[in-house]
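Let me begin by presenting the structure, written as structure tokens, before commenting on it.
What follows draws every value from the coordinates through simple rules; no lab data is involved. All values derive from a computational prediction rather than experimental measurement. Ideal geometry is used to build each Cβ from the backbone, glycine not excepted, and the neighbour counts take in all protein chains shown.
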Ligand SMILES: C[S@@+](CC[C@H](N)C(=O)[O-])C[C@H]1O[C@@H](n2cnc3c(N)ncnc32)[C@H](O)[C@@H]1O
């Protein structure tokens, strides 16, 4: 029988059957390989899902340190925004290495103060960090700083720290009505996302976080256009003036006029929320002011703040 099957004729006759068997075996092999792959992939996906859930769980508490919950704005800037802020700051200050260093240090300071302090610092992360980073790099002519509009005093505390890091000895004066909430003409007054009232006690607590210079800060409660308040605060020439009070065109115009009188030669004026679509009055007042006989020249913009220097 075996000999018969080995004959040429028998092989030719049996080939279709052998081919059919071959095909079936191949199909079976492919199917079982595919089944194995499906099972493997399914196991892998399940494992990845488990790991992802675990990572999300672990990440959430870290996010809580920096996200917008309880402060309204997230403190998690994207790389593209960080890079842009470094470029803008380097352009305004002429110091790229210092810009990178100061922005990173300002970011850590912001996170620390908002974690430990009362209330918050107002505005977007890179706008705040840009201001904190820029002031010491612009090398103001003296260490007297005036902040018009402080909200919780936390930005003032942060600015003290940043200026001290540059070896300076800041003396801060603050002007704000401290009226329980943020006052802005033309906008609806609403409770702060932090839930903390805007009061002197909050400002003092935050300034205490900035050590001796914070505790020694002079706070004048009232409106920057008030003549009596102005007379008291105009007792010196300021190396730095932060204009961040009344954001209306009239309010900013009045603060810029005052700044003309009290800025030291070479002094820096920080115009907050400059170019911000929510506050068109700021650019409007600036444009009008810059065509008058001003001592100020425009240095540039970082995020949403404009920087001016009084001619020496
Ligand atoms: C945008 S917040 C200041 C934010 C603060 N500089 C910061 O960086 O966190 C504006 C503050 O200015 C106050 N304000 C409004 N009108 C003012 C005025 N005419 N003079 C001084 N402060 C004023 C508001 O009540 C509020 O506390």
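A few remarks follow.
- Order of 162, 154, 200 - criterion: other Cβ atoms within 10 Å of each residue's Cβ, fewest first: 200, 162, 154
- For the stretch 93-216, the calculated P(r), taken from all Cα-Cα distances in 5 Å bins from zero up to the bin holding the longest distance, is 2, 11, 21, 23, 21, 12, 7, 3, 0 percent.
- Placing R0 at 35 angstrom, the Cβ-Cβ distance between residue 287 and residue 54 gives a FRET efficiency of 0.05 after rounding to 0.05.
- In the chain, the longest principal axis of the Cα atoms and the axis of helix 154-165 are about 90 degrees apart.
- Theoretical ellipticity at 222 nm over the chain - DSSP helices of four or more residues, -39500 (n - 2.57) apiece, nearest 500: -18000 deg cm²/dmol
- Once the convex hull of all Cα atoms in the stretch 15-108 is built, its volume per residue stands at 195 Å³.
- Relative contact order [Cα under 8 Å, 6+ residues apart], the chain, whole percent: 16
- Enclosing the Cα atoms of the stretch 247-290 in their convex hull gives a volume equal to 63 cubic angstrom per residue.
- The chain: angle of helix 8-66 to the longest principal axis, Cα-based, in degrees nearest 10: 20
- Global geometry of the stretch 173-312, whether rounded, prolate or oblate, following the gyration tensor of its Cα atoms and the 1.5 cut on a/c: oblate
- Ordering of 299-311, 43-55 by packing is 299-311, 43-55, highest average first (other Cβ atoms within 10 Å, averaged per residue).
- Ordering of 234-243, 184-193 by packing [mean C-beta count within 10 Å, highest first]: 234-243, 184-193
- For the stretch 164-220, the square roots of the Cα gyration tensor eigenvalues, ordered a ≥ b ≥ c, give a/c of at least 1.5 with a/b greater than b/c, which places it in the prolate category.
- Against the chain, whose longest principal axis comes from its Cα atoms, helix 125-137 is set at around 50 degrees.
- Exposure proxy ranking, count of Cβ atoms within 10 Å, fewest first, for 113, 151: 113, 151
- In the stretch 229-285, Cα pairs under 8 Å separated by at least six residues give a relative contact order of 43 percent.
- DSSP beta bridge pairing in the chain, given as percent antiparallel to the nearest 5: 40
- Highest average first, the peptides 101-110, 217-226 ordered by how many other beta carbon atoms sit within 10 Å of their residues are 101-110, 217-226.
- Hull volume per residue, based on the alpha-carbon atoms of the chain and their convex hull, is 228 Å³.
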